[in-house]
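S.K.: Please find one structure pasted underneath; my questions will follow.
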Amino acid sequence: MGETDGDSILRMTDVSVCFLGCGKINQRHVRILRRLQPRARIAVASRDPERARAFGRKVGAADSFGDYQRAIASDYQVIVIGVPPRAHRPLVEAALAAGKHLLIEKPVFASFADLEALWPALSGHRGTVMVAENLHFAPFHRKLKTLLRDGRLGRPLFLDLTRLGRSRPDGWRADPAEMPLGALHEGGVHWIRRVMDLASVFEADEPEHVLDVSAFGPPEPITATPGEDTTMVVARHRSGLVSRLLHTWAIPWRFPPFFDASKVLLEKGALYFDARGIFARFYGPGGRKLVVPAIRDASGFQAMWRHFLACVREGRSTDFTLRQVFADFAYMDAAYRSRKSLRPETPRPVPGEAPRPR
């Protein structure tokens, strides 16, 4: 047979994708898409026509656009927004109005107010909209969730997630106008998603499970990061779980098995793990288990793209929903408000909905 059934299906189901932005993250996205769909028709766009052409040649794009609005108005089905977050809102608005499917790099917007303002258009959009949170799809993270679903573990007590590692912001990340909030906003979205997703195992089927948030940190950043570079967030969840997230770009990541350990403590068990996906130890009524790191697609980018493309083709909702995006950003917003008010803050409700009873 001249071609496999998989090749035939791939040809019939390829979607066309236009990437806005010519940075490293879109270069990575293009590479992954090429691996999954070798025949996919892709385009690239930049505000600089020459940069768009050069990037297009580098990644083998069929088209390059020197204007984002022309790219959005083209016949490409999917728009990937891979530019700094301050530029997201007008591009998302334009892509929604054009009826495009959307994959938006995280953080989804530069401010929580942007998400609130666009919520009716986002939630009412008939196309597929997803934020490119790869760690939500990482195999190691999925293994941890599966272990925690053991109904014999009893009540959840405490979740502690630590993200250490020194970062030296450059480019737009060093510009206060481009990065108005700080490290928790730009890099912390990964770890907020992990806290919220692990905590969701013990909740009813609702993303909005945080009762209140208290956040603390040094009065001034330790590094050159605009805004904060180190924040500790303590949250109370509806299940009775208390979570703590320490996120920093200032404290070095040293000897990982001992200095970057995170944990979930339960009434009848415990899970100890490294937040970066290196190892985990699980203790439960059925005994103990060692979780080894995932070698294939450890960061979850391929799984994320497979899922997104399948949802586009089949017209179904994504596993990482817009309500989860909203709940994560509401947690973050409450943390920043708590740092200023020096008291616990309640995450804001979805626009148009009454706050849930506490």
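S.K.: Among His125, His185, which comes first, then next, by fewest other beta-carbon atoms within 10 Å?
M.R.: Details: His125 19, His185 26.
Placing the least packed residue first, the sequence is His125, His185.
S.K.: Identify, among Ala275, Ala310, Leu245, the residue whose Cα sits farthest towards the positive end of the charge dipole of region 238-336, taking +1 on the Cβ of Lys and Arg and -1 on the Cβ of Asp and Glu, with the dipole about the Cα centre.
M.R.: Sorting the options by dipole projection puts first Ala275.
S.K.: Under unit Cβ charges (Lys, Arg +1; Asp, Glu -1), what dipole magnitude, rounded to 20 debye, does region 159-241 have relative to its Cα centre? Intermediate values should be presented prior to the final figure.
M.R.: On the way: 8 positive and 14 negative charges, 58 e Å.
With only Lys, Arg, Asp and Glu charged at Cβ, the dipole is about 280 debye.
S.K.: Size of the dipole of region 5-133 about the Cα centre, Lys and Arg at +1 and Asp and Glu at -1 on the beta carbon, nothing else charged, in debye to 20? Could the numbers behind the result be given before it?
M.R.: Numbers: 19 positive and 13 negative charges, 99 e Å.
Computed charge dipole of region 5-133: roughly 480 debye.
S.K.: Arrange Ser200, Ser317, Ser239 by Cβ neighbour counts within 10 Å, fewest through most, would you? Before the final figure, lay out each step's value.
M.R.: Details: Ser200 19, Ser317 12, Ser239 16.
Least crowded to most crowded, the residues run Ser317, Ser239, Ser200.
S.K.: Then there's this: Round to a whole angstrom and tell me the spacing of the C-alpha centers of region 259-331 and region 199-235.
M.R.: 18 Å
S.K.: May I ask for the distance between the Cα centers of region 163-195 and region 23-73, given as a whole number of Å?
M.R.: The distance from the Cα centre of region 163-195 to that of region 23-73 comes to 25 Å.
S.K.: For each pair in Lys268/Lys289; Lys145/Lys268; Lys106/Lys145; Lys24/Lys106; Lys145/Lys263, compute the distance between the two Cα atoms and list the pairs where it is over 18 Å.
M.R.: Numbers: Lys268/Lys289 15 Å; Lys145/Lys268 16 Å; Lys106/Lys145 22 Å; Lys24/Lys106 14 Å; Lys145/Lys263 12 Å.
Beyond 18 Å between Cα atoms: Lys106/Lys145.
S.K.: Turning to a different aspect of this structure: Does region 5-133 come out rounded, prolate or oblate, given a ≥ b ≥ c as the square roots of the eigenvalues of its C-alpha gyration tensor, rounded meaning a/c under 1.5 and, failing that, prolate meaning a/b above b/c? Kindly include the intermediate steps, with their values, before the conclusion.
M.R.: Working: a/c = 1.84, a/b = 1.31, b/c = 1.40.
Oblate shape, in that a/c is at least 1.5 and b/c is the bigger or equal ratio.
S.K.: Sticking with this structure for a sec: What order, most packed first, do the peptides 220-226, 18-24, 111-117 have when packing is the mean number of other Cβ atoms within 10 Å of each residue? Don't skip to the end; give the middle numbers.
M.R.: On the way: 220-226: 15.9, 18-24: 22.9, 111-117: 18.0.
Ranked from most to least packed, the peptides come out as 18-24, 111-117, 220-226.
S.K.: Where does helix 322-341 land angle-wise versus the long Cα axis of the chain, in degrees 0 to 90, nearest 10?
M.R.: Approximately 50 degrees, to the nearest 10.
S.K.: Tell me, what is the percent relative contact order of region 5-133, built from C-alpha pairs under 8 Å that lie six or more residues apart?
M.R.: On the way: 216 pairs, mean separation 27.7, N = 129.
Relative contact order, region 5-133: 21 percent.
S.K.: Also: Assign unit charges at the C-beta atoms only (+1 for Lys and Arg, -1 for Asp and Glu), then state the dipole size of the chain relative to its Cα centre in Debye, rounded to the nearest 20. List each step's numbers first, then the result.
M.R.: Values: 53 positive and 39 negative charges, 192 e Å.
Charge dipole, the chain, about its Cα centre: 920 debye, nearest 20.
S.K.: A further question follows. Considering only Ala87, Phe55, Trp119, whose Cα is most displaced toward the positive end of the charge dipole of region 5-133, charges sitting on Cβ of Lys, Arg (+1) and Asp, Glu (-1)?
M.R.: Phe55
S.K.: Can you quote the Å³ per residue value for the convex hull of the Cα atoms in the chain, rounded to an integer? Could the numbers behind the result be given before it?
M.R.: Details: hull volume 55.0 nm³, N = 358.
Once divided by residue count, the hull of the chain is 154 Å³.
S.K.: Under a straight-distance cross-link criterion of Cα-Cα below 17 Å, which aspartates and glutamates are reachable from Lys58, leaving out those fewer than 8 residues away in the same chain?
M.R.: Cα-Cα hits under 17 Å: Asp48, Glu50.
S.K.: Please report the relative contact order for the chain, taking Cα pairs under 8 Å with a sequence separation of at least 6, and give it as a percent rounded to a whole number. Provide the component values of the computation, followed by the final result.
M.R.: Working: 694 pairs, mean separation 61.7, N = 358.
Worked out over the chain, it gives 17 percent.
S.K.: How do Ile104, Ile295, Ile32 line up, fewest other C-beta atoms within 10 Å first? Walk me through the numbers before you get to the answer.
M.R.: Numbers: Ile104 25, Ile295 7, Ile32 16.
Starting with the residue having the fewest Cβ neighbours, the order is Ile295, Ile32, Ile104.
S.K.: Another one. Could you compute the FRET efficiency for Arg39 and Arg358, with r as their C-beta to C-beta distance and R0 at 41 Å, rounded to 0.05? Show your work: numbers first, answer last.
M.R.: Details: r = 52 Å, r/R0 = 1.28.
Using R0 = 41 Å, I get an efficiency of 0.20.
S.K.: If you don't mind, there's one more thing I want to ask. May I ask you to work out the translational diffusion coefficient for region 63-112 at 37 °C, viscosity 0.692 mPa s, via Stokes-Einstein with Rh from the Kirkwood sum over Cα pairs, reported in whole µm²/s?
M.R.: Numbers: Rh = 11.1 Å.
The calculation lands on 296 µm²/s.
Rule-based calculations on the coordinates, nothing more; no lab input. What you see is a predicted model, and the numbers here were worked out from it, not measured in a lab. Note that each Cβ is placed from the backbone with ideal geometry, even for glycine, and that neighbours are counted across all protein chains shown.
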